[in-house]
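Chemist: Just passing along the structure, written as structure tokens.
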There are 2 protein chains.
Amino acid sequence: MRIAELSRRSGIPVPTIKYYLREGLLPPGELSSRNQASYDEGHIRRLRLVRALLEIGRLPIATIKSVLSELDTPEPNLHHAMGRALRGSIASEPGPEGDREVETLIERRGWSVSPEAPARRAVADVIAAMHQLGWDSMLAQIDGYAEIADRAARLDMEVLARHSEPDEIVYSAVVGTILGDALIAGLRRLAQENASAQMYRRDGEPTPAATRECR
Amino acid sequence: MRIAELSRRSGIPVPTIKYYLREGLLPPGELSSRNQASYDEGHIRRLRLVRALLEIGRLPIATIKSVLSELDTPEPNLHHAMGRALRGSIASEPGPEGDREVETLIERRGWSVSPEAPARRAVADVIAAMHQLGWDSMLAQIDGYAEIADRAARLDMEVLARHSEPDEIVYSAVVGTILGDALIAGLRRLAQENASAQMYRRDGEPTPAATRECR
DNA sequence: GATAGTAGACAGCATCACTATCCATAGTTT
DNA sequence: AAACTATGGATAGTGATGCTGTCTACTATC
């Protein structure tokens, strides 16, 4: 198919598609002549992926490019690519603020995580920020959140196990991880609203927390 | 204290502080004369909060403003404010793509969630994107993720219950929700790395998934 | 052969989050 | 009191990001 049809079927304007081609987010179509290329279903799939990572995952174009290029590699190191995607590849200098706490948490849970996993930095940054904000009560429960993360990861693996073709697994890991973040965040918001509604209803006299929370 | 000291103690340049004042993210200092205002500890706290929402929560300035102004309200509707924060207040038109599925999920779990909760749209959008990408295997497990979200929300409520002063509760709900998303995402990434490492180690012959996953 | 579509190059644009400059004034030092 | 520095407020400029528009030399199609 030609670019007009690709645009029509994907709902993305032609200039934008050309931009993605320039940026290397979309592989070039097969040139049949100097100004004629043909695109296929793979391009449509790729465009949808790009838009999902952009709009749902909120990743910047540059990060999407690096994630996709990792995905196109024969032996992709997905953990690293997606770890970088987590914090937009902004590396704050290694201050020992939350570093030690991440370290001990990983040890406590017996997790095996490579020392240069970008997610370590990301978690350390969040911990540091929470300390700065005097929001230590959440950090006191960090093992509880780690347990939840563990359950989520096990579910992720189960989902991943349903796929057998190697190409699909890699693709799926990306989608599952990045869109999964958005899904979990959204579900948590719904569950929070429910939880605070329950709390409000339970005791006859609403606590200050409940009144504040439940509108 | 004057603006120079506020800048020094918060680590944020003076022009940036002036910008936040202009944008209404930071309440003005108390004017002692036409060109002399004094700032207090509350301003430092607020600046740290703004930076955390910006850098860790990745919220745009405009969204932070709306969240903060809700936070300054005597009767804040936090669910709504934070729901909007979840998707940057971008309201995609209500396509029935994932709407129905969110509806039935909420019903299945017996959650009580207000009909106009923005998180509904956010989750519906993610579901729609996953359908588009043909990534239905994760949606097949959506109840599992909802269960995880429920546990997270219960933990959130426990953390919140440790605070008693109303001001602190509101502040905490914001920090806990928005930074909590980042924390959970980061922990999930660590747990995923561990889970795929386990999967690799368990069976002598690595599955395609494991080799792909574990580098 | 007229018309419409295309690849590729390049320039322009809107938004965002600052950053820089200026000015009249105020505090501070000498 | 004079010199100097800092401040609040206003306005303009900057760099990055994610497109969008225009142009040219071509090509497919009617």
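The values are calculated or read from the model by the stated rules, or taken from the named source; none is laboratory data. Just so it is clear, the model here is predicted, and its values are computed rather than measured. Neighbour counts are summed over all protein chains in view; Cβ atoms, including those assigned to glycine, are modelled from backbone coordinates with ideal geometry. Quick note on the areas: whole protein, heavy atoms, side chains included, nothing else; ligands and nucleic acids left out. Shrake-Rupley method; radii C 1.70, N 1.55, O 1.52, S 1.80 Å.
Chemist: Among the lysines, select those whose C-alpha is under 23 Å from the C-alpha of A:Lys65, and discard any that sit fewer than 8 residues away in the same chain.
Modeler: A:Lys18
Chemist: Using just the helices of chain B, give the 222 nm mean residue ellipticity in deg cm²/dmol: DSSP H runs with n ≥ 4 each add -39,500 (n - 2.57), and the total is spread over all residues, rounded to 500. Working shown, then result.
Modeler: Values: 11 runs with 150 residues, N = 215.
Helices in chain B give a 222 nm mean residue ellipticity of -22500 deg cm²/dmol.
Chemist: May I ask for the net charge around B:Asp40, where only other residues with Cβ less than 13 Å from the Cβ of B:Asp40 are counted and Lys, Arg are +1 while Asp, Glu are -1? Numbers along the way, then the final one.
Modeler: Numbers: positive: B:Arg2, B:Arg9, B:Arg45, B:Arg46; negative: B:Glu5, B:Glu30, B:Glu41.
So the environment of B:Asp40 carries a net charge of +1.
Chemist: Normalised by the number of residues in the stretch A:1-55, what is the relative contact order in percent for Cα pairs under 8 Å and 6+ residues apart? Mind showing how you got there, number by number?
Modeler: On the way: 41 pairs, mean separation 21.1, N = 55.
Taking the mean separation of contacting Cα pairs over the length of the stretch A:1-55, I get 38 percent.
Chemist: Where does each of B:112-123, B:27-38 land if you order them by average Cβ count within 10 Å, highest first? Mind dumping the intermediate values first?
Modeler: Values: B:112-123: 19.8, B:27-38: 10.9.
For the peptides B:112-123, B:27-38, the packing ranking is B:112-123, B:27-38.
Chemist: Would you mind getting the Kirkwood hydrodynamic radius of the stretch B:91-158 from its Cα pairs, rounded to one decimal in Å?
Modeler: Details: mean 1/r = 0.0789 Å⁻¹.
Roughly 12.7 Å, rounded to one decimal.
Chemist: Using a probe radius of 1.4 Å on protein heavy atoms only, what is the accessible area buried between chains A and B, both sides summed, to the nearest 100 Å²?
Modeler: Details: alone 14740 and 14750 Å², together 20270 Å².
Protein heavy atoms only, the A-B interface buries about 9200 Å².
Chemist: Over chain B, what is the relative contact order in whole percent, taking alpha-carbon pairs under 8 Å and six or more residues apart? Walk me through the numbers on the way to the answer.
Modeler: Working: 145 pairs, mean separation 33.3, N = 215.
So the answer I get is 15 percent.
Chemist: Further question on the same structure: If you add up the charges near A:Arg100, with Lys and Arg at +1 and Asp and Glu at -1, over every other residue whose beta carbon is less than 14 angstrom from its beta carbon, what do you get?
Modeler: Spelling it out: positives minus negatives among the neighbours equals -3.
Chemist: Sticking with this one: With bins 20 Å wide starting at 0, give me the P(r) of the protein assembly as shown over every alpha carbon pair, in whole percents.
Modeler: Once binned at 20 Å, the Cα pair distances of the protein assembly as shown give 25, 55, 19, 1.
Chemist: Now for a separate question. Residue by residue through the stretch B:108-125, what is 3J(HN,Hα) from phi via Karplus (6.51 cos²θ - 1.76 cosθ + 1.60, θ = phi - 60°)? Round to whole Hz and write x for glycine and proline.
Modeler: 4, 7, x, 6, 10, 10, 4, x, 9, 4, x, 4, 4, 4, 4, 5, 4, 4
Chemist: May I ask for the Rg/Rh ratio of chain B, computed from Cα atoms with Rh as the Kirkwood radius, given to two decimals? Working shown, then result.
Modeler: Numbers: Rg = 21.6 Å, Rh = 20.4 Å.
Here the Rg-to-Rh quotient is 1.06.
Chemist: Other chains near B:9-15: what is the mean number of their Cβ atoms within 10 Å of each residue's Cβ? Show your work: numbers first, answer last.
Modeler: Numbers: counts 0, 0, 0, 0, 0, 0, 0.
Counting Cβ atoms of other protein chains within 10 Å of each residue's Cβ and averaging gives 0.
Chemist: Hey, another quick one. Could you work out how far apart the two model spin labels at A:Lys65 and A:Ala161 are, taking each label as a point 7 Å from the Cα in the direction of the beta carbon, and quote it in nm?
Modeler: Calculated label separation equals 3.9 nm.
Chemist: Oh, and also: Please express the Cα-Cα pair-distance distribution P(r) of the stretch A:1-55 as a list of whole percents, one per 5 Å bin, running from 0 to the bin with the greatest distance.
Modeler: 4, 20, 36, 28, 9, 2, 1
Chemist: Counting only other chains, what is the mean number of Cβ atoms within 10 angstrom of the Cβ of each residue in peptide A:107-116? Show your work: numbers first, answer last.
Modeler: On the way: counts 0, 0, 4, 1, 8, 9, 7, 4, 0, 0.
Mean partner shielding for this stretch: 3.
Chemist: Now a separate question. How high is the relative contact order of the stretch B:91-158, in percent, with contacts defined as C-alpha pairs under 8 Å that are six or more residues apart?
Modeler: Values: 27 pairs, mean separation 23.3, N = 68.
For the stretch B:91-158, the relative contact order is 34 percent.
Chemist: I would also like to ask the following. For the stretch B:40-56, take each phi angle, set θ = phi - 60°, evaluate the Karplus expression 6.51 cos²θ - 1.76 cosθ + 1.60, and give the result in whole Hz per residue in order, putting x for glycine and proline.
Modeler: Running phi through 6.51 cos²θ - 1.76 cosθ + 1.60 with θ = phi - 60° gives 10, 4, x, 5, 5, 4, 4, 4, 4, 4, 4, 5, 5, 5, 6, 8, 8 Hz.
Chemist: I'd like the Karplus ³J(HN,Hα) series for the stretch B:183-196: coefficients 6.51, -1.76, 1.60, θ = phi - 60°, whole numbers in Hz, and an x wherever there's a Gly or Pro.
Modeler: Here the 3J(HN,Hα) series is 4, 5, 4, x, 5, 4, 4, 5, 5, 5, 4, 4, 4, 6 Hz.
Chemist: Give me a single rounded figure for B:40-50: the average over its residues of other chain Cβ atoms within 10 Å of their Cβ.
Modeler: The per-residue average across the peptide is 1.
Chemist: Can you compute the modelled spin-label distance between B:Val14 and B:Glu116, with each label point 7 Å from Cα toward Cβ, in nm?
Modeler: Label at B:Val14, label at B:Glu116, 4.5 nm between them.
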